[in-house]
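Just so it is clear, none of the values below were taken in a lab; they were calculated from the coordinates. Because the structure is a prediction, the values reported are computed rather than measured. FYI the Cβ positions are ideal-geometry reconstructions off the backbone, even for glycines, and counts take in every protein chain you see.
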Amino acid sequence: MPKRTAKTPNVFVALLRGVNVGGKNNLSMSELKTNLSKAGFDDVRTYINSGNVLFTSSQTDARKLETNIERLLSIQHKLECKVVVRSLSEMKKLVESLPAAWKDDESWAHNVVFLRHSIDSKNVLKELAPKPEIEKVLYRSGAVLWSVQRSEIKQSTMTKLSSRKIFQHMTVRNPNTTRKLYELMEEMAQGESD
């Protein structure tokens, strides 16, 4: 498990897939925070109740961190849950690549679809098969940026995504949550360097 060293630790966010949604996979964020801290994760913080966990670690391998968190969820919380871990630098790159139009155009709904390493490829766009007349998708390393006209949401591929096998390897956040997580990670990094 990750341990603090004299070197400034790396800042990460763990995005838990499908927790506290529709009464399923209920998970207390305070209990999770306590258990992660006991397991050796440092500066553990949570953001809202949908499975966003920020932490620092001397570990640099995101795949190992994902495995460790998934194991902890299974053992401590009896929850089989996929986890996507992103570093501060990965989140910075992603947030900086969000389309400027996402902030102003209320006629479109926008989502950041975080991809597990097992499906992280531009080829995922072909498998998702969005409807170009009502949806826009862009691939970014580790994510798909997905927009759909609000008036057409019910006809979109996005609404049917949860029934597909590939959905088990992704987790969705809205742009505001994505930006806020990055801001919190930046604050944590600044706190470490002070």
* To do: Taking amide H positions as placed in the peptide plane 1.01 Å from N, state which residues far from Lys131 in sequence (5 or more) or on other chains have amide H under 5 Å from it.
  => Thr157
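Before anything else, pin down the relative contact order of the chain: Cα pairs under 8 Å, at least 6 apart, normalised by residue count, whole percent.
On the way: 307 pairs, mean separation 44.8, N = 194.
About 23 percent, as a whole number.
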* **Cross-link table Lys64/Lys180; Lys126/Lys160; Lys154/Lys180; Lys103/Lys165; Lys131/Lys165, entries beyond 22 Å C-alpha to C-alpha** => Lys64/Lys180; Lys154/Lys180; Lys103/Lys165
* To do: Measure out, as a whole number of angstrom, how far apart the alpha-carbon centroids of the stretch 145-194 and the stretch 42-111 sit.
  => 9 Å
* Of Ser121, Gly51, Ile75, farthest towards positive along the dipole that unit charges on Lys, Arg, Asp, Glu beta carbons give the stretch 21-131 -> Ile75
* Asked: In terms of modelled amide H atoms, which long-range or inter-chain residues lie less than 5 Å from the amide H of Thr46?
  -> Leu54
* Shape category assigned to the stretch 79-178 from the gyration tensor of Cα positions, a/c cut at 1.5 -> oblate
* the chain - charge dipole about Cα centre, Lys and Arg +1 at Cβ, Asp and Glu -1, debye rounded to 20 -> 660 debye
* Structure fact -> Projected onto the charge dipole of the stretch 136-194 (unit charges on the beta-carbon of Lys, Arg, Asp and Glu, signs +1, +1, -1, -1), the Cα from Thr159, Thr178, Leu138 with the largest positive-side position is that of Thr159
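Glu31: net charge of surrounding residues, Cβ under 15 Å, Lys/Arg +1, Asp/Glu -1, itself excluded?
+4
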* Asked: Can you give the charge dipole size of the stretch 80-124 about its Cα centre, rounded to the nearest 20 debye, using +1 on the beta carbon of Lys and Arg and -1 on the beta carbon of Asp and Glu?
  -> 260 debye
* Asked: Using the per-residue mean of other Cβ atoms lying within 10 Å as a proxy for protection, in what order, highest first, do the peptides 157-163, 60-66 fall?
  -> 60-66, 157-163
* Structure fact -> Here the stretch 185-190 yields Karplus 3J(HN,Hα) values (6.51, -1.76, 1.60; θ = phi - 60°; whole Hz; Gly and Pro given as x) of 5, 4, 4, 4, 5, 5
